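**Student:** Structure below; questions to follow.
The values are calculated or read from the model by the stated rules, or taken from the named source; none is laboratory data. These figures come from a predicted structure and were not determined experimentally. Don't worry about glycine lacking a Cβ; one is built from the backbone with ideal geometry, like all the others, and counts go over all protein chains shown.
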Amino acid sequence: MSSAGGTKKILIVDDEPDVVSYLEMLLHDKGYETVSASNGREGIEVAKREKPDLVTLDVSMPEASGTRFYKDFRSDAELASIPVIIVTAVTGYGGDKYGYEKFLSGRRLVPPPDGFFPKPIEPEPFLKAIAELLAD
């Protein structure tokens, strides 16, 4: 799925422009190409058009939420094998910063995400997880 020249393409799905800019900067500095979408519906369209190697996904967005995007994405045969990393501030189920990850992982209809990072993002573990998921 890599684009020409072996550069890996990452789709950033987040409705906060500052977060998108920050992630783009982090990823570009590591040599990744990025595309973005500001909600889940647009995210599916961009994913089908751009065929990213990995997706970072916010959960709380207008129009189509990250949860809806994730379910639709994992149900689409064309997209289902692309790794998804959840990047969200929606973490506080009962004060557990990983509560939302447990919630998503407990859904029977979809497999758990490939990674989960609460906002604010710690760059080193985030970039390490991406590098591991994209290793050939």
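**Student:** Restricting to the range 66-90, what's the tally of residues that are in a helix (DSSP H, G or I) and not aromatic (Phe, Trp, Tyr)?
**Tutor:** Of the residues in the range 66-90, the ones in a helix (DSSP H, G or I) are 66-75.
Still in the running and not aromatic (Phe, Trp, Tyr): 66-68, 71-72, 74-75.
Residues in the range 66-90 being in a helix (DSSP H, G or I) and not aromatic (Phe, Trp, Tyr): 7 in total.
**Student:** On to the next question. Inspect all residues belonging to the range 95-109 and state whether any of them is at pLDDT below 80, closer than 19 Å to Val13 by Cα and among the charged types (D, E, K, R).
**Tutor:** yes
**Student:** Tell me, yes or no, whether the range 60-71 has at least one residue that is in contact with an Asp or Glu (Cβ under 9 Å, 6 or more places away or on another chain), under 17 Å from Ile130 (Cβ atoms), of a type outside the set (Ser, Thr, Tyr) and touching a residue at least 12 places away in the same chain (Cβ under 8 Å).
**Tutor:** no
**Student:** Go through the range 33-59 and give me each residue that's without any contact (Cβ under 8 Å) to a residue 60 or more places away in the chain, more than 19 Å from Asp18 (Cβ to Cβ) and in a loop (DSSP other than H, G, I, E, B).
**Tutor:** Lys51, Pro52
**Student:** Consider the range 21-32. How many of its residues are among the charged types (D, E, K, R), part of a helix (DSSP H, G or I) and more than 14 Å from the chain's Cα centre (by Cα)? If you could, list the steps in order and put the result at the bottom.
**Tutor:** Start the filter on the range 21-32 by keeping residues that are among the charged types (D, E, K, R), which leaves 24, 29-30.
Narrowing further to those that are part of a helix (DSSP H, G or I): 24, 29.
Now narrow it down to the ones that are more than 14 Å from the chain's Cα centre (by Cα): 29.
Qualifying residue count, the range 21-32: 1.
**Student:** Which number in (1) touching a helix residue (DSSP H, G or I) at 6+ places or on another chain (Cβ under 6 Å); (2) closer than 21 Å to Glu132 by Cβ; (3) among the hydroxyl-bearing types (Ser, Thr, Tyr) marks the one condition that Ser36 misses?
**Tutor:** It is condition (2) that Ser36 fails.
**Student:** Please count how many residues of the range 19-39 are at pLDDT below 95 and either in contact with a strand residue (DSSP E or B) (Cβ under 6 Å, 6 or more places away or on another chain) or surrounded by fewer than 17 Cβ atoms within 10 Å (Cβ to Cβ) (or both).
**Tutor:** 0
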